[in-house]
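Taking it in order: structure first as structure tokens, then the write-up.
The values are calculated or read from the model by the stated rules, or taken from the named source; none is laboratory data. It should be emphasised that the depicted structure is a prediction, and the values quoted were computed from it without experimental measurement. Backbone-built Cβ (ideal geometry, glycine too); neighbour counts: all protein chains shown.
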Amino acid sequence: MFINKRKNGYYFVQYFDNVEKKNRRVSTRTKVKSEAIKFLSSFNASLKSVLKENKITLKDFCIEYISTVGNTQSKSYLKSIKLSFRQLQRFTGDVDLKSISVRNTQQFISSTFQRAEMSAALYYRTLKAAFTRAVDWEYISENPFKKVKLPKIQKSFPAFITEVELNKILSVTKSKLLKDIFTIAFYSGLRLGELTNLKWVSIDFTENIITLYNGNGFHTKNKKDRIIPMNKKVREIFLNILPKDINKNESRYVFEKHKDVRYNNEYISKKFKQGVRLAELDDRIHYHTLRHSFASNLVQKGVSLYVVKELLGHENITTTQIYSHLQKQNLVDAIKLL
């Protein structure tokens, strides 16, 4: 629920109608922001008193929650929200939100964990955040997920490949376009979505950098712009596929299936997996392994984890620290001090 201003200067309140299942607007009948804020406070209080008397089901809450966070979250996260609610609803039924107890949620997470540890962790994080919002909206008095303890997940080192293994995959890949994409990912650490959304305007051959911009329907994972220097191989690939007729500031995809139509992420991911199997490599290797390989190769060559963090666009250094075990020389040097 928030206030906004019309073109005529009057403020209005926008909120989600839980009964009609759609967004609604109510005029504040004032052009003065301070008065509009007072109206919002009063209207919110009256609406909450009505909602307290009504029950809201798990399904209805999911709809309202998604409509609220939809403009601020990525498509992949929204898919995670829908999946998490769908799985919880399959376990409990479409019950009243207030009837979901700590016992229900613990049983749901525990039973899911026995089948798929990573899925249980995803549902736990996603639903815990959603139910915190339910508390804020006064649908429930406390968040049952906050009292649930997620079992520890066995952590393994991320898989990565060497240049030799990359070349094996490239040798069994027929498409030149796919070879270019796989090679760029290996030497730049770009996520698949970042590569398929990459536009020529983001590539600066003078400064020798790639700049990932947020906006126009695309956002990086942490919603921050990022600069990635190009090495010689990446630069050469881009130069070789650079259209001769392209304008320097033209907003065209680098990898286009058709004009203004980018390649599908799933298609590229499946083709990479196909290459891994044809090359008879470890089946744990998948497309995201290229990004892990970029980071792993840098760390093994002595690059600081903080530098790797910036190149990968990680929000927190703890995410980058999954590569710390590769700093073998640091461990050897430490033992020599004894």
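General observations
- Set side by side, the residues LYS152, LYS168 differ, and just one is modelled with pLDDT under 95 and either in contact with a His (Cβ under 6 Å, 6 or more places away or on another chain) or not assigned by TED's automatic domain parsing to the domain that holds CYS62 (or both), which is LYS152.
- Members of segment 305-324 that are crowded, with 17+ Cβ neighbours inside 10 Å, free of Cβ contacts under 8 Å to residues at least 60 places away in the same chain and hydrophobic (A, V, I, L, M, F, W, C): LEU305, VAL308
Results for (1) farther than 22 Å from LEU212 by Cβ; (2) at pLDDT 85 or above; (3) in contact with a strand residue (DSSP E or B) (Cβ under 9 Å, 6 or more places away or on another chain), shown as yes or no for each residue.
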| site | (1), (2), (3) |
| --- | --- |
| GLU250 | no, no, yes |
| SER269 | no, yes, no |
| PHE272 | no, yes, no |
| GLY275 | yes, yes, no |
| VAL299 | no, yes, no |
| VAL303 | no, yes, no |
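- Matching strands (runs of 3 or more DSSP E) fully within segment 1-90 where at least 3 residues are at pLDDT 80 or above, under 30 Å from ALA120 (Cβ atoms) and not β-branched (Val, Ile, Thr): none
- Meets criteria (modelled with pLDDT of 90 or more and under 20 Å from TYR77 (Cβ atoms)) for THR173: no
- Failed item in (1) assigned to a helix (DSSP H, G or I); (2) buried (at least 19 other Cβ atoms within 10 Å of the Cβ); (3) of a type in the set (Ser, Thr, Tyr), with SER269 passing the rest: (2)
- Test for SER188: is it buried (at least 16 other Cβ atoms within 10 Å of the Cβ) and within 24 Å of ASN265 (Cβ to Cβ): yes
- The set of residues in segment 121-166 that are free of Cβ contacts under 8 Å to residues at least 60 places away in the same chain, surrounded by 15 or more Cβ atoms within 10 Å (Cβ to Cβ) and under 30 Å from ARG277 (Cα atoms) comprises ALA121, LEU122.
- Among the residues of segment 140-181, the one identified as outside any helix (DSSP H, G or I), within 30 Å of THR57 (Cα to Cα) and among the basic types (Lys, Arg) is LYS149.
- Checking PHE186 against (1) free of Cβ contacts under 8 Å to residues at least 60 places away in the same chain; (2) assigned to a helix (DSSP H, G or I), the condition it does not meet: (1)
- Residue that is outside the structural domain of ALA279 (by TED's automatic domain parsing) and among the charged types (D, E, K, R), where the choices are GLU194, GLU142, GLU207: GLU142
Here's the yes/no breakdown for (1) at positive phi; (2) not aliphatic (A, V, I, L, M):
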position	(1), (2)
LEU177	no, no
ILE184	no, no
GLY189	yes, yes
GLY193	no, yes
LEU198	no, no
VAL201	no, no
ASN208	yes, yes
GLY215	yes, yes
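- Odd one out for THR211 among (1) more than 25 Å from GLU165 (Cβ to Cβ); (2) of a type in the set (Ser, Thr, Tyr); (3) part of a loop (DSSP other than H, G, I, E, B): (3)
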